Amino acid sequence: MLNIFQWVIRLLATSFVIWVVLSTIVPQTIVKYSNAEVQSNKFQSSLYPYASLLGPSLIQNSTVYFVIGHPDDEVMFFAPSLIELSKAKNNNNVKIICFSNGDALDPSMGPIRSEELKSSSRILGVKDSDVLVIPSGQYKDGMNINWEADDIAKSLSTHIVTPKDEQTRLVVVTFDENGVSGHPNHISLYHGVRHWYRKNYTYSKKILSPSSSKQSPILYGLKSLNFWEKYSFTLLTNVELFVEHLSKLLISNILKFNVNISFFSSSSTINSSPEAVPTIMIYSDLNMLSVSYAAMSYGHFSQMVWFRYGWLLFSRYLTFNQLIPI
C-alpha cells in the first residue's frame, strides 16, 4: 500500500514539473528569443510582452460579465478565464454577478462570503466596483433549490449594462448545462442566461459579424468535466500543451498544417454558429496558478476546510478552462 502511495506522489510531482516546463518555461523562453522588444530591452508600450496559452481566439475589447452562483465559484471554476481576460493587454472590462451570497449554512455567513468574493476578485484582477452580489433572499443557496429562468433573466436585464461604445462587444460567461458539478443553482444560471438572451436579442449572423457596427452579445458556458477529467491535476493538460507546442514549433512550420487536440467537445449553440463564435481554451501558467491559490486560500478563508486543499491540489479547473458557445 505504501509503495502505491509513493508511486502516486511521484507521478503527480513529475506531472507538475512537466506542466511547469510546458505552461511557463517554454512560452517564456519563446517570448525571450522571438520578441524584438524583449531582446533589445526597448519597449514601445507600458505593457511587457506576456505569453498567453489559449486557442483558437481570445475575447478582447469587450465588456465581460461572469455570471456565477456563489462566492468562490469565480476562483474554483473560472480562475484561468478571469485572470486571462482581465489582463491589460486584452482591454476588457470584466465584471462579476453573483446570484447568492453563500448563506446556505447560516444567514450570518452571507455578509462574510460577500466580502470574501470581493477580496478574491481583487486578487484575480477585478475591482470591487465591478463585483455585484444579488441582494440576500432573492436567490437562496442550496443543493435542492432551482432558480426560475424568468427570474434570472429579469435580474440580468437589470444588472447587465450594454456598452455605449458600439465597437465594444458584450460577452456573458456562465456554466454549461451540467453546471460543472451538477449543482442545481449552476444549471439554473445556464438556463436563465439563455432565457435572458432569447427575451432580449434575436440571432443574426450579420449582427455577429466582426465587421458589424452593432453586435449581439456572445454567450459562453464553462465546459463541465467528468470526474476523472476534473481531478486529473495536470496530467491531461500536459498532453494538450505538448501537442500544442509541437504543432506550433514543428508541424505548422515544416509541414504547413495545424494540429489541435482536446479531450472535450462543444455543445450546441442558440446564438451563434461554430464559425462565428469558436470555442476558447485557456491554460494557466505557474504565475496564474499562484494567483488562483492566493485568491482561494486567502480570499475565501472561511471556505478553507480540509477538502478544499484537495481541490486546490487536484482540480483541473485551476489550470484549464474551456469556454463553449451556448
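Derivation of every value follows stated rules applied to the coordinates shown; laboratory data play no part. Remember, it's a predicted structure, so these values are computed and weren't measured experimentally. Here Cβ is always computed from backbone atoms with ideal geometry, including for glycine, and neighbour counts include all displayed protein chains.
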(message) Please compute the modelled spin-label separation between N90 and K140, points set 7 Å along Cα→Cβ, answer in nm with one decimal.
(response) 3.6 nm
(request) List the residues whose amide H sits under 5 Å from the amide H of F320, counting only those 5 or more places along or on another chain, with H placed 1.01 Å from N in the peptide plane. (result) S284
(message) Among P111, P71, P184, which one shows the highest mean-square fluctuation when the chain is modelled as a Gaussian network with alpha-carbon springs under 10 Å?
(response) P111
(message) Quick check on the chain: of the DSSP beta bridges with both residues there, what percent are antiparallel, nearest 5%?
(response) 35 percent
(request) Per residue of the stretch 110-124, in order, report the coupling 6.51 cos²θ - 1.76 cosθ + 1.60 (Karplus, θ = phi - 60°) as ³J(HN,Hα) in whole Hz, putting x for Gly and Pro. (result) x, x, 5, 6, 5, 5, 5, 4, 5, 4, 4, 5, 4, 5, 6
(message) Taking θ = phi - 60°, what integer Hz values does the Karplus form 6.51 cos²θ - 1.76 cosθ + 1.60 yield along the stretch 306-320, in sequence order, with x for Gly and Pro?
(response) 4, 6, 5, 5, x, 4, 4, 7, 10, 5, 7, 5, 7, 10, 7
(request) Determine the gain in length on full extension of the stretch S108-L286; use 0.36 nm per residue of separation and subtract their C-alpha separation, reporting nm with one decimal. (result) 60.5 nm
(request) For the stretch 74-156, just say rounded, prolate or oblate: build the C-alpha gyration tensor, square-root its eigenvalues into a ≥ b ≥ c, call rounded for a/c under 1.5, and beyond that prolate if a/b exceeds b/c, oblate if not. (result) prolate
(request) Note the full-extension length gain between S40 and R122 as 0.36 nm times their separation in residues minus their Cα-Cα distance, in nm to one decimal. (result) 26.2 nm
(request) Classify the chain as rounded, prolate or oblate, taking a ≥ b ≥ c as the square roots of the eigenvalues of its Cα gyration tensor: rounded when a/c is under 1.5, otherwise prolate if a/b is larger than b/c and oblate if not. (result) oblate
(message) Run the paramagnetic zone check for V305: 7 angstrom along Cα to Cβ, then residues of the stretch 85-108 with backbone nitrogen under 14 Å.
(response) 103-106
(message) List residues of the stretch 92-120, by number, whose backbone nitrogen lies under 19 Å from a label position 7 Å along Cα→C-beta of S181.
(response) 97-107, 109-118, 120
